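The values are calculated or read from the model by the stated rules, or taken from the named source; none is laboratory data. Here the structure is a predicted model, which is why all the values come from computation and not from measurement. Methodologically, a virtual Cβ is constructed for each residue, glycine included, from the backbone with ideal geometry; neighbour enumeration extends over all protein chains shown. To get the accessible areas, we keep the full protein, side chains included, count just its heavy atoms, and leave off ligands, DNA and RNA. Shrake-Rupley method; radii C 1.70, N 1.55, O 1.52, S 1.80 Å.
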Amino acid sequence: MADTAEMYLDLMKRVLINTIYRDEAIQEFDYGDGEEVEHRLVGRDWPSVAHTMIGLKRLDNLQRCVETVLRENVPGDLIETGVWRGGASIFMRAVVRAHGDTGRTVWVADSFQGMPEVAASGHAADVAMELHKYNDVLAISLDTVRYNFERYGLLDDQVRFLPGWFADTLPTAPVERLAVLRLDGDLYESTTVALENLYPKLSPGGFTIIDDYVIPACAEAVHHYRDAHGITEPVVDIDGTAAYWRKTP
């Protein structure tokens, strides 16, 4: 008989990306790499109903990372910066609960008002993307995300929210230590702010996941930070969009 926790987490993933009812995509993305892919499995669409846009492969990776730190007792909480409808953060809480860990907090950090309009003086790539023009899709309220946690029975004292722009919230966030750091801020500035304020709190043996590594501005921010701080652990591809590395134990 399959392990009960594994069955629960497998079903959670299917529900979070909604391969159950297969809602229509608001928009699909073609990276021009010639790959024939099912967009929902590799997170290349904006779902109309599903609670996450990151796809099955990234959820599988997230599960492996969280289960590794639980199994190896890597100290620290879990955080996602940029959560949209909350699906990936909800899944982290589900993994923690499925394995009976009662000591870790899942931090949910987001503006809850979409992407900022980048000033002309900002990073050129951030300015050019104009992601704020998609806030009719990207802006999800704090109340909605809290309600989504509640719908899965996962809104409890082990979930804490950090509402506001990263530059305002992350420098003073009451996060002492992290085991999993998942960044989904798209922009150079958002990625840089998150790394500068949170990576020093990542325990040896912990994981950093970069959801938007395929975006040049995001990858540039990652490598600027890694180079400046002598981080040499290899960056590992997840699904052609996202990547991760593990901090040397």
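Please list, or write none, the lysines whose alpha carbon is within less than 21 Å of the alpha carbon of LYS201, excluding same-chain residues fewer than 8 places away.
LYS247
Sorted by accessible area with a 1.4 angstrom probe, largest first, how do THR19, THR102 fall?
Putting THR19, THR102 in descending order of accessible area: THR102, THR19.
For the chain, modelled as a Gaussian network with Cα springs under 10 Å, which listed residue fluctuates most, PHE29, PHE161, PHE112?
Largest GNM mean-square fluctuation: PHE29.
Over the chain, what relative contact order in percent results from Cα pairs under 8 Å that are six or more residues apart?
So the answer I get is 17 percent.
What is the percent carbon and sulfur in the accessible area of region 44-145, measuring with a 1.4 Å probe over the protein chains and ignoring ligands?
Roughly 49 percent, rounded to a whole number.
Residue by residue, what Karplus-based ³J(HN,Hα) values in Hz, rounded to whole numbers, does region 83-90 have, using 6.51, -1.76 and 1.60 with θ = phi - 60° and x for Gly and Pro?
Calculated HN-Hα couplings, in order: 10, 6, 7, x, x, 5, 5, 4 Hz.
Could I have the simple spin-label model distance between THR102 and GLU176, label points 7 Å from Cα toward Cβ, reported in nm to one decimal?
1.8 nm
Would you mind classifying region 193-249 by shape? Square roots of the alpha carbon gyration tensor eigenvalues, ordered a ≥ b ≥ c; an a/c under 1.5 is rounded, otherwise it is prolate if a/b is larger than b/c and oblate if not.
Details: a/c = 1.71, a/b = 1.26, b/c = 1.36.
Oblate shape, in that a/c is at least 1.5 and b/c is the bigger or equal ratio.
What accessible area per residue, rounded to a whole number of Å², is obtained for the chain using a probe radius of 1.4 Å?
On a per-residue basis, 46 Å².
Answer rounded, prolate or oblate for region 108-249, using the Cα gyration tensor with square roots of eigenvalues a ≥ b ≥ c: rounded when a/c is under 1.5, else prolate when a/b is larger than b/c, else oblate.
Numbers: a/c = 1.63, a/b = 1.09, b/c = 1.50.
Judged from the Cα gyration tensor, region 108-249 comes out oblate (a/c at least 1.5, b/c at or above a/b).
Can you sort MET7, MET115, MET92 by solvent-accessible area, 1.4 Å probe, largest first?
Numbers: MET7 110, MET115 35, MET92 0 Å².
Descending accessible area places them as MET7, MET115, MET92.
May I ask you to evaluate 6.51 cos²θ - 1.76 cosθ + 1.60, the Karplus curve with θ = phi - 60°, for each residue of region 57-72 and list the ³J(HN,Hα) values in order in whole Hz, giving x for glycine and proline?
Along region 57-72, the couplings run 4, 6, 5, 4, 4, 4, 4, 4, 5, 5, 5, 5, 5, 5, 5, 9 Hz.
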